[in-house]
Structure formats: C-alpha cells, structure tokens
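The values are calculated or read from the model by the stated rules, or taken from the named source; none is laboratory data. All values reported here derive from a predicted model rather than from experimental measurement. Note: ideal-geometry Cβ built from the backbone for every residue, glycine included; neighbour counts use all protein chains shown. We work out accessible area using only protein heavy atoms, side chains counted, and drop any ligands, DNA or RNA first. Shrake-Rupley method; radii C 1.70, N 1.55, O 1.52, S 1.80 Å.
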Amino acid sequence: MLLRSLSARLLVLTIFFVMVSEVLIFVPSVARFRMTYFENRLAAGNIAMVALEASATGELEPGLTDKLLARVGARGVAFRRRDGTVLRLDSASPPGPDFTIDLTHPNILLAIRGSFRTLLGHGNRVLRVLAPSTTDSAEMVEVLLDEAPLRSEMWDFGVRILELSVVISLVTAALVYLSLQWLLVRPMRRITASMMNFREDPEDASRMIAASGRKDEIGVAERELGVLQKTVRQALGQRARLAALGTAVTKINHDLRNILATARLVTDGLTASAAPEVRRVAPRLVDAIDRAVALCTQTLDFSREGAPPLAPSRFAIAALIDEIGPALGLSADDLTIDRAISPKLTVEADRDQLYRVLLNLARNAVEAGAHRLRCAGARENEVIAIEIVDDGPGLPPKARNNLFRPFFGSARPGGSGLGLAIARELMRAHGGELTLVSSTGSGTVFRLTLPTPAHELSRAPMSLP
C-alpha cells in the first residue's frame with residue numbers, strides 16, 4: 001500500500017535519478033583519478049631525475065636508486081633531454097612494458113576506456129607512461145608502473161564515490177520528499193478528503209473546502225473546487241425546490257384541469273345563447289380556457305422526471321411533415337408549407353414525439369406572424385438534419401437569449417416558454433439536438449438533428465437543398 005502512494009513513488013524516483021546522475025559523474029571522475037595518478041608519478045619521476053643529474057658520475061648507488069623509485073612508485077624512470085641524450089633510473093632488472101600510455105595529447109574518451117580496462121582487468125601489467133616534462137615541453141619523462149597498485153587505488157576511490165553517492169541520494173531524496181510532501185502531497189490529500197466529505201452530504205455547507213490562499217496551481221485547484229462545490233450545492237438545492245414545486249403543481253394541475261373542463265362545458269353552452277353580447281364574448285372565453293388547459297398540460301409534462309418513454313419506429317420524414325399543415329387548421333392563404341425532403345429519407349424515432357416537436361415549431365412560427373414555412377432535410381455523415389425556415393419577423397433578443405429556458409423563452413405575451421424546452425428535451429432523448437441557426441427580420445431557422453439509422457451509415461451523405 002505504501003508503494004502505491006504518491007509520496008513513496010516520488011521518493012523512489014528521486015533516489016533513482018540521483019544515482020543515475022552520480023553514475024554519470026563517476027565515469028569521468030574515475031578517468032580523471034587515473035590521469036592524476038599518472039601525472040603525480042611523472043612529477044615524482046621528474047624530481048628523481050634532478051638527483052641523477054646532480055650526480056658527478058651520472059649514476060646513483062643502488063640503495064639510493066631503490067629509495068627514489070619507491071618514492072616515485074615506479075619500476076623505472078627515463079628522462080629524454082632536448083639534445084637526445086637519455087637518463088635512466090632503473091631497478092636491478094627492469095621489466096619490459098606491456099602497454100604504453102602517451103599523455104602528450106590527452107583524450108577523455110581514451111582515458112575513460114583505459115580506466116574501465118584497468119578496473120575490470122586482472123593480473124599486473126607493466127604500464128609505460130610518458131609525457132612532456134613540466135619544466136620543458138621539448139623534454140620527455142617516462143615511468144614504468146605496475147597496474148595492480150593503480151587498480152587497488154581506483155577501486156578504493158570508486159567505493160568512496162559510491163558511498164558518497166548513496167549519502168547524497170538519501171539526503172537529496174529526503175529533502176525532495178519532505179518538500180513535495182509539504183507543498184504537494186498534503187494539499188492534494190486535503191483536496192481529496194474535501195471531495196470525499198462533500199460527496200457524502202453535498203447540501204451541508206460546512207463540508208465545502210476552504211481555500212488556503214495559495215497563489216500557485218494548488219491554490220487555483222482549491223478555489224475552483226470551492227466554486228464547483230458551491231455550484232453543485234446550489235443546483236441540488238434548486239432541484240429539491242423544483243421537485244417539491246413540481247409535486248405541488250401536479251396536484252394543483254389535476255384539480256385545475258377539472259375546473260377548466262367544467263368551465264369549457266359551460267362556455268360551449270354560451271355559444272348557443274340567444275343574447276348577441278354573450279355570443280360575441282364566448283369565443284374569446286373559449287380561447288382563454290383552451291390556453292389555460294394547454295398551459296396546465298405543458299406544465300404537467302415538463303414536471304415529469306426525465307423525458308417520456310420513446311416508442312421508436314422507422315418512417316419517412318416527408319410523410320410526417322405533410323401532416324403538419326392540416327393539424328394547424330389554416331388555409332393555404334394563411335400558411336404555405338414547402339417541403340424539400342426526399343420521400344425516401346427515413347429516420348428511426350418516436351413518430352408521435354417527433355410530430356409534436358415539428359408541430360410546436362410550426363405553431364410558434366404562425367403565432368409569430370409567419371405565412372410561409374420551408375422544411376428541408378438530408379443525411380449528413382452520421383446524422384439526419386432537418387431545417388425549419390419561416391418568413392416571420394424573427395425573435396426578439398430577450399427571447400433568443402432565453403430560448404430554451406422553461407418559463408423564460410416565450411416570444412409572445414401569455415406564452416409559457418415550455419414548448420421549445422420540451423421540444424429540445426424530446427430531441428435529446430432521441431440522441432439528437434434542437435438548435436436555433438439564425439433569427440433575423442426576414443425569418444427564423446431552426447435545425448433538428450437525429451442519429452442516422454445504422455443500416456444507412458455506409459451510404460454517401462446528402463446535403464440540405
């Protein structure tokens with residue numbers, strides 16, 4: 001469980017990356033240690049040559065020679081002068097060199113390769129190391145060295161580097177861990193705990209997160225979470241109030257419709273009254289009662305939980321649109337409907353509900369003052385699009401801004417604003433959408449989309465005429 005936590009993963013990754021960095025440092029460090037080892041031996045050999053040059057005979061006693069070679073750490077030392085003469089300081093039986101290393105032109109890649117050859121090698125090779133003199137670059141100093149002592153010192157140096165790397169890794173990891181724990185992990189745990197606490201009771205205001213005042217990304221996340229929790233809490237509260245209101249409206253609506261039904265029966269009798277004044281007023285009273293009944297019906301439909309159940313079937317859109325005109329009960333002089341839809345264009349939807357949506361759009365257009373409707377439809381990729389175009393005066397700005405909001409989006413006095421809200425809900429229940437394309441002084445365009453039936457997806461798409 002510990003290894004699954006973010007803190008543990010950060011700790012392991014920090015140690016790993018620090019160790020990788022130390023390995024990258026270790027390789028050139030060992031190569032530099034080997035170069036320094038050679039340079040020190042060459043410098044000591046150069047000093048030993050000074051003692052040889054100071055000798056009157058050009059030779060030293062065997063005992064002194066062995067001491068000087070022991071100080072240098074070499075089997076032999078040679079000094080090549082500018083004039084070509086060579087001074088040698090050798091042991092009694094100097095061995096021949098197994099490998100020559102020329103430091104005249106140092107190369108870091110060759111030095112790294114030689115370091116690994118020494119570290120991973122076995123036995124005791126004799127190395128001949130030569131480099132220019134520190135006092136005169138035209139003179140050369142050579143030393144014969146045993147590789148075993150060099151290998152031993154390089155391993156000691158490598159172990160010290162490793163120990164230091166482990167210490168640095170642990171210290172760095174601990175500091176990074178504590179920093180991330182304080183700056184990132186603890187705030188994230190606080191945010192997570194707030195989300196889980198809020199989930200248990202979103203309506204409890206005390207469970208909302210309190211912003212810490214930080215200016216970084218964590219602070220932004222805290223503030224945005226607080227705004228989100230506040231929005232959700234308000235939405236839940238509003239939903240609860242609307243649910244209670246819907247229950248009350250449903251009960252009131254049932255009684256109100258019964259009252260209006262009785263009033264409608266009485267009004268139907270008034271139309272046959274002998275009094276001219278009563279007959280003149282009766283049609284307006286009938287219209288007012290019909291509007292009240294329609295409002296009750298729409299309100300009851302909207303107060304239902306979710307969209308009504310669908311009964312999908314496959315049918316032609318053109319035939320459905322042909323039923324809109326007769327349902328409106330208007331003459332050809334009052335309304336002309338142009339259908340630009342192929343009779344072969346079919347959809348898979350609830351026929352009654354789609355008819356309800358189209359009838360609502362057509363009735364809204366007529367009530368707004370339209371005298372011509374144009375219905376166009378075609379299949380576009382994976383959807384079937386239907387456009388309803390009228391020649392009315394267009395929607396006022398207030399109606400456009402609240403078009404699909406219940407009780408707010410009506411464009412005419414006395415309207416409930418529920419028609420388009422219910423129509424969009426029905427379209428979305430089909431997996432489609434209802435949108436306002438445009439609304440100007442020359443007319444309004446609504447667009448309906450429905451998913452294309454699966455058996456027609458392979459056909460080439462058509463465009464709206």
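General observations
- Top-ranked residue of region 76-89 - restricted to ones that are closer than 18 Å to E59 by Cβ and of a type in the set (D, E, K, R), ranked as most open to solvent (accessible area, probe 1.4 Å): R88
- Residue that is farthest from F157 (Cα to Cα) [pool: residues in region 1-24 that are at pLDDT 75 or above and open to solvent by 90 Å² or more (accessible area, probe 1.4 Å)]: R9
- The lone exception for D156 - which of (1) closer than 30 Å to A111 by Cα; (2) touching a residue at least 12 places away in the same chain (Cβ under 8 Å) it fails: (2)
- In region 329-352, the residues that are among the polar types (S, T, N, Q) and open to solvent by less than 30 Å² (accessible area, probe 1.4 Å): T346
- Among the conditions (1) more than 30 Å from L11 (Cβ to Cβ); (2) open to solvent by less than 90 Å² (accessible area, probe 1.4 Å), V166 misses just one, which is (1).
- Among the residues of region 310-369, those identified as among the polar types (S, T, N, Q), assigned to a helix (DSSP H, G or I) and closer than 15 Å to I388 by Cα are N360, N364.
- Set side by side, the residues R214, R189 differ, and just one is assigned to a helix (DSSP H, G or I), on the phi < 0 side of the Ramachandran plot and out of contact with any strand residue (DSSP E or B) (no Cβ under 8 Å at 6 or more places or on another chain), which is R189.
- Here L178 meets the list (1) surrounded by 16 or more Cβ atoms within 10 Å (Cβ to Cβ); (2) closer than 19 Å to V12 by Cβ almost entirely, failing just condition (1).
- Just one of (1) within 30 Å of T85 (Cα to Cα); (2) in contact (Cβ under 8 Å) with a residue 12 or more places away in the chain fails for S137. It is (2).
- Within region 361-402, considering residues that are open to solvent by 20 Å² or more (accessible area, probe 1.4 Å) and touching a Pro at 6+ places or on another chain (Cβ under 8 Å), the one farthest from L418 (Cα to Cα): N381
- Top-ranked residue of region 417-436 - restricted to ones that are charged (D, E, K, R) and in contact (Cβ under 8 Å) with a residue 24 or more places away in the chain, ranked as nearest to V357 (Cα to Cα): E425
- In region 34-65, of all residues being small (G, A, S) and buried (at least 18 other Cβ atoms within 10 Å of the Cβ), the one that is nearest to D156 (Cα to Cα) corresponds to A44.
- Within region 90-120, the set of residues being at pLDDT 85 or above, surrounded by 14 or more Cβ atoms within 10 Å (Cβ to Cβ) and in a loop (DSSP other than H, G, I, E, B) comprises P97, L103.
- Checking F157 against (1) open to solvent by less than 50 Å² (accessible area, probe 1.4 Å); (2) over 24 Å from F38 (Cα atoms), the condition it does not meet: (2)
- Taken over region 88-115, the criterion of being among the hydrophobic types (A, V, I, L, M, F, W, C) and touching a residue at least 24 places away in the same chain (Cβ under 8 Å) is satisfied by L89, A92, F99, I101, L103, I108, A111, I112.
- Selected residue (criterion: least open to solvent (accessible area, probe 1.4 Å)) from residues of region 184-220 that are out of contact with any helix residue (DSSP H, G or I) (no Cβ under 8 Å at 6 or more places or on another chain) and of a type in the set (S, T, N, Q): T192
- Among the conditions (1) closer than 30 Å to R32 by Cβ; (2) among the β-branched types (V, I, T); (3) surrounded by fewer than 11 Cβ atoms within 10 Å (Cβ to Cβ), V171 misses just one, which is (3).
- Only strands (runs of 3 or more DSSP E) whose full extent lies in region 382-465 are considered here, and the ones with at least 2 residues that are among the small types (G, A, S) and at pLDDT 85 or above are 433-440.
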